[in-house]
Amino acid sequence: MTIPTSKRVGALAFAAAIAFSACSSGSGSSPAASTAGGAAATTAGSTAPSQAALSGAIEIDGSSTVYPITVAVSEEFQKANTGVNVTAKFAGTGGGFKRFCNGETDINDASRPIKKDDAAEGAACAAKGIEYVELQVAIDGLTVVVNPANTFATCLTKDELKKIYGPDSPKDLKWSDVRAGFPAETVKRFMPGADSGTFDYFTEVINGKVDSATQNATQSEDDNILVTGVEGDANAISFFGYAYYVENKDKLKALEVDGGTGCVGPSEATINDGSYKPLSRPLFIYPDVKKAKAKPELKAYVDYYLANTNALSAEVGYVALPDELLKKSTDAWAAAAGG
């Protein structure tokens with residue numbers, strides 16, 4: 001039986017609420033959303049690893065965008081492998097890479113590629129001798145949302161998004177400053193935190209430079225906090241992964257985006273065919289190759305992830321990979337860790 005998206009991602013919202021509480025009390029990273037074996041019903045079409053009696057622990061951190069897919073995979077994997085404990089966290093892509101390249105985790109979830117020359121990412125991995133492989137697991141459409149009470153905005157251009165989120169955007173920005181004819185109400189801005197790959201991607205494609213953004217927005221690596229912020233203010237706006245919009249359609253209104261060729265809204269079709277631009281993007285996992293060769297449970301887990309990512313990504317609200325992209329990831333993993 002397939003687990004409905006609302007149940008699967010609803011559980012993630014509960015885990016995120018716990019995570020925010022712990023972070024507020026001084027935790028450096030969101031706490032584990034450990035998925036217990038037997039906690040979920042079997043997903044139709046899932047493929048279990050052939051190895052029997054696997055045991056051990058797998059720790060994953062990184063992107064809050066990829067997190068729903070990883071939790072879904074982990075739930076199903078542990079049902080078939082009850083001796084393996086998989087712990088997933090969501091410190092953000094950048095925060096996760098810091099831990100991964102320090103040897104603290106087995107896999108990093110990422111909503112952008114690793115920064116190969118960054119001191120805390122690629123350079124740190126090289127210094128520690130950590131070998132990794134980049135595996136695309138899904139496609140996302142970064143979704144711009146407003147409160148449903150906002151009846152005036154239906155589509156924003158790249159330039160208008162830059163007026164809202166650009167580095168020169170003033171603290172007292174009003175909607176009427178974004179576009180003539182919009183009301184003279186102060187824009188309440190929410191956005192992902194600086195450790196988020198979503199923040200990196202958005203600032204690069206909208207503002208023209210990674211990390212270049214307004215200082216006048218409420219930020220969080222927890223997308224559920226952003227959802228709550230927009231839900232609670234008629235003049236609010238935010239952006240995050242498509243799955244979080246899908247799960248909260250009754251609370252939010254998704255805007256179309258004009259990337260230069262007309263207004264296009266996020267959907268499975270427009271994200272997959274690239275017409276939802278410039279906010280369609282790949283999602284990745286980065287396994288530690290040396291650890292996978294030494295830990296059969298980790299190798300089996302990544303095998304399972306790739307075998308089931310299309311079904312489970314679609315279940316939690318993302319877009320499944322075309323066959324050629326999935327084969328590229330599967331071949332890359334086999335070459336790195338052994339078939």
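The values are calculated or read from the model by the stated rules, or taken from the named source; none is laboratory data. Quick caveat, the model's predicted, so the values are computed rather than measured. No Cβ is skipped: glycine too gets one built from the backbone with ideal geometry, and neighbour counts run over all protein chains shown. With ligands, DNA and RNA removed, areas are computed over all heavy atoms of the protein, side chains included. Shrake-Rupley method; radii C 1.70, N 1.55, O 1.52, S 1.80 Å.
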Exercise. Per the Debye formula with a single identical scatterer at each Cα and no solvent contribution, what log10 I(q)/I(0) holds for the stretch 83-159 at q = 0.18 Å⁻¹?
Worked result: -0.80
Seminar exercise, completed: Under the Karplus relation with 6.51, -1.76 and 1.60 and θ = phi - 60°, whole-Hz ³J(HN,Hα) for the stretch 113-127, x at Gly and Pro, equal x, 4, 7, 5, 9, 6, 4, 9, 10, x, 5, 5, 4, 4, 5
Exercise. Can you give the Rg to Rh ratio for the stretch 186-228, taking only C-alpha atoms and Rh from Kirkwood?
Worked result: 0.96
For this session: Rounded to the nearest Å, what's the spacing between the alpha carbon centres of the stretch 271-304 and the stretch 52-83? Just the number, please.
Result: 13 Å
Exercise. Among the lysines, which fall within straight-line cross-link reach of LYS295, defined as a Cα-Cα distance under 29 Å, with same-chain neighbours fewer than 8 residues apart omitted?
Worked result: LYS79, LYS89, LYS98, LYS115, LYS116, LYS128, LYS327, LYS328
Exercise. Considering the dipole of the stretch 222-339 built from charges on the beta carbon (Lys and Arg +1, Asp and Glu -1) around the Cα centre, which of TYR304, VAL289, SER275 is farthest to its positive end?
Worked result: VAL289
Exercise. Based on the Cβ-Cβ distance from LYS327 to ALA120, what FRET efficiency comes out when R0 is 41 Å, to the nearest 0.05?
Worked result: 0.80
For this session: Over the stretch 53-107, consider all pairs of different Cα atoms and compute the Kirkwood hydrodynamic radius from their mean reciprocal separation; express it in Å, one decimal.
Result: 11.4 Å
Exercise. How do LYS327, LYS79 rank by accessible surface area computed with a 1.4 Å probe, from largest to smallest?
Worked result: LYS327, LYS79
For this session: With a Förster radius of 41 Å, plug the Cβ-Cβ distance of ALA335 and THR186 into 1/(1 + (r/R0)^6) and report the FRET value to the nearest 0.05.
Result: 0.15
For this session: Could you sort 217-228, 313-324, 54-65 so that the peptide with the highest average Cβ count within 10 Å comes first and the rest follow in order?
Result: 54-65, 217-228, 313-324
Seminar exercise, completed: Here the stretch 311-326 yields Karplus 3J(HN,Hα) values (6.51, -1.76, 1.60; θ = phi - 60°; whole Hz; Gly and Pro given as x) of 5, 7, 4, 5, 5, 8, x, 9, 9, 5, 6, x, 3, 5, 6, 5
For this session: Run the quick spin-label model on SER267 and LYS209: label points 7 Å from Cα toward the beta carbon, then report their separation in nm to one decimal.
Result: 3.8 nm
Exercise. Which lysines have a Cα lying under 23 Å from the Cα of LYS251, excluding residues fewer than 8 positions away in the same chain?
Worked result: LYS7, LYS174, LYS188
For this session: Give, to the nearest whole percent, the P(r) tail of the stretch 131-244 beyond 22 angstrom, counting all Cα pairs.
Result: 30 percent
For this session: Compute, for THR157, the solvent-accessible surface of its heavy atoms (probe 1.4 Å) with the complete set of protein chains present, and express it in square angstrom to the nearest 10.
Result: 40 Å²
For this session: Give the residues of the stretch 232-256 whose amide nitrogen is closer than 19 Å to a point set 7 Å from the Cα of LYS174 in the direction of its Cβ.
Result: 234-237
